[in-house]
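For reference, the structure is listed below as structure tokens.
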């Protein structure tokens, strides 16, 4: 069995929408879910899938996160890449890629977790060798998210759609990135990976969609953070029993 790709977790966001619940100081990655920091749930999930190397992209609250998690966690090696000012999701990815030496890397939003099979995603990426692969999930109401249009045969992304009500496939917060391809663009220091890069490069890049996520939660707003208190432990329970 081939080794898993290294994983970059984007855990540097300000968590503005959760501040009424968490307060000003607490970073979103340390938000308590059933008594444990959300990041701990993510790291355990990665460990159970065979990941050995994790990079944390840190910004707001980085000293608290570094204090909470040592350099080795759940049997994985953790490396921290810090940003002195908010760079946006795209800027954070570029900043981290410049500090690392990996041709391909899994990139994950630090406020989402799902039942994604990372080995299956990596195999999908290896078979197609696109510039980027996006894990996706079908939701009954996509009004909070932009939706993904893609060819059902080749799985190639054809368009990002604006937020709209109704059923649709949405980005599940996990990608496989071809680092050299991304670094070949002339990118600003601060930018949004989703809006400023993916949204503008649909026709330029070979982006494939892996629509196999069936359970997904994003803790970015108070109502979903409240749901996460039961959804995340229940989502993790089957894998925990297999470990």
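Throughout, read-outs are computed from the coordinates displayed, never taken from laboratory work. What you see is a predicted model; the values in this text were computed from it and never measured. Cβ coordinates were reconstructed from backbone atoms using ideal geometry, including for glycine residues, and neighbour counts include every protein chain displayed.
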Problem set entry | Search result, residues across the stretch 84-106 that are in contact with a helix residue (DSSP H, G or I) (Cβ under 9 Å, 6 or more places away or on another chain) and buried (at least 19 other Cβ atoms within 10 Å of the Cβ) | 87, 88, 89, 90, 91, 92, 93, 94, 97, 105, 106
Exercise. Quick check: anything in the stretch 179-200 surrounded by fewer than 19 Cβ atoms within 10 Å (Cβ to Cβ), touching a helix residue (DSSP H, G or I) at 6+ places or on another chain (Cβ under 9 Å), free of Cβ contacts under 8 Å to residues at least 40 places away in the same chain and not in a helix (DSSP H, G or I)?
Worked result: yes
Seminar exercise, completed: Scanning the stretch 209-224 residue by residue, those in a helix (DSSP H, G or I) and touching a helix residue (DSSP H, G or I) at 6+ places or on another chain (Cβ under 6 Å) turn out to be 222
Exercise. Can you tell which of 109, 115 is in contact with a helix residue (DSSP H, G or I) (Cβ under 9 Å, 6 or more places away or on another chain) and surrounded by 20 or more Cβ atoms within 10 Å (Cβ to Cβ)?
Worked result: 109
Exercise. Restricting attention to the stretch 20-75, which residues are loosely packed, with under 15 Cβ neighbours inside 10 Å, touching a strand residue (DSSP E or B) at 6+ places or on another chain (Cβ under 6 Å) and touching a residue at least 24 places away in the same chain (Cβ under 8 Å)?
Worked result: 52
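Out of all the residues in the stretch 146-155, which are outside any loop (DSSP other than H, G, I, E, B) and surrounded by fewer than 16 Cβ atoms within 10 Å (Cβ to Cβ)? Before the answer, list the steps.
Taking the stretch 146-155 first, the residues outside any loop (DSSP other than H, G, I, E, B) are 147-150.
Answer for the stretch 146-155, where residues must be outside any loop (DSSP other than H, G, I, E, B) and surrounded by fewer than 16 Cβ atoms within 10 Å (Cβ to Cβ): just 149.
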